[in-house]
Amino acid sequence: MSGGQGGTKNLRIRVQLNDDQGAPVANVRVSIYFFQDDGIWGSGTASTGDDGSVTFQARTAGAGLYRTD
């Protein structure tokens, strides 16, 4: 990933929770860790909405390889 002002962009990661029937699961706390290359870059915790989803945003993320846990 590269681009944007100064070679940075905002990353958005959406987590969707559904039960075994496929219905969205609301009000569940989700924690996420962002790793860039070899180190932790950031983390966040939020609750799913009525649609069972929550979106995390990493602002001004520089170029590199990212993964989440």
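How many of the residues in region 17-30 are in contact (Cβ under 8 Å) with a residue 12 or more places away in the chain and either of a type in the set (D, E, K, R) or open to solvent by 70 Å² or more (accessible area, probe 1.4 Å) (or both)?
3
How many residues, within region 31-45, are open to solvent by less than 60 Å² (accessible area, probe 1.4 Å) and either of a type in the set (A, V, I, L, M, F, W, C) or touching a residue at least 12 places away in the same chain (Cβ under 8 Å) (or both)?
Applying the first criterion (open to solvent by less than 60 Å² (accessible area, probe 1.4 Å)) to region 31-45 yields 32, 34-36, 39, 42, 44.
With the extra rule that they be either of a type in the set (A, V, I, L, M, F, W, C) or touching a residue at least 12 places away in the same chain (Cβ under 8 Å) (or both), the set shrinks to 32, 34-36, 42, 44.
Residues in region 31-45 being open to solvent by less than 60 Å² (accessible area, probe 1.4 Å) and either of a type in the set (A, V, I, L, M, F, W, C) or touching a residue at least 12 places away in the same chain (Cβ under 8 Å) (or both): 6 in total.
Starting from region 46-62, take each residue that is more than 11 Å from N10 (Cβ to Cβ) and small (G, A, S) and list its partners that are open to solvent by 70 Å² or more (accessible area, probe 1.4 Å) and outside any strand (DSSP E or B), counting only C-beta distances under 6 angstrom and pairs at least six apart or across chains.
S47/N27
Which condition number in (1) at pLDDT below 75; (2) in a strand (DSSP E or B) is the one that A46 fails?
So the condition that A46 fails would be (1).
The values are calculated or read from the model by the stated rules, or taken from the named source; none is laboratory data. Worth saying up front: this structure is predicted, and the values here are computed from it rather than measured. Here Cβ is always computed from backbone atoms with ideal geometry, including for glycine, and neighbour counts include all displayed protein chains. What goes into the accessible areas is simple: the full protein's heavy atoms, side chains included, and nothing from ligands, DNA or RNA. Shrake-Rupley method; radii C 1.70, N 1.55, O 1.52, S 1.80 Å.
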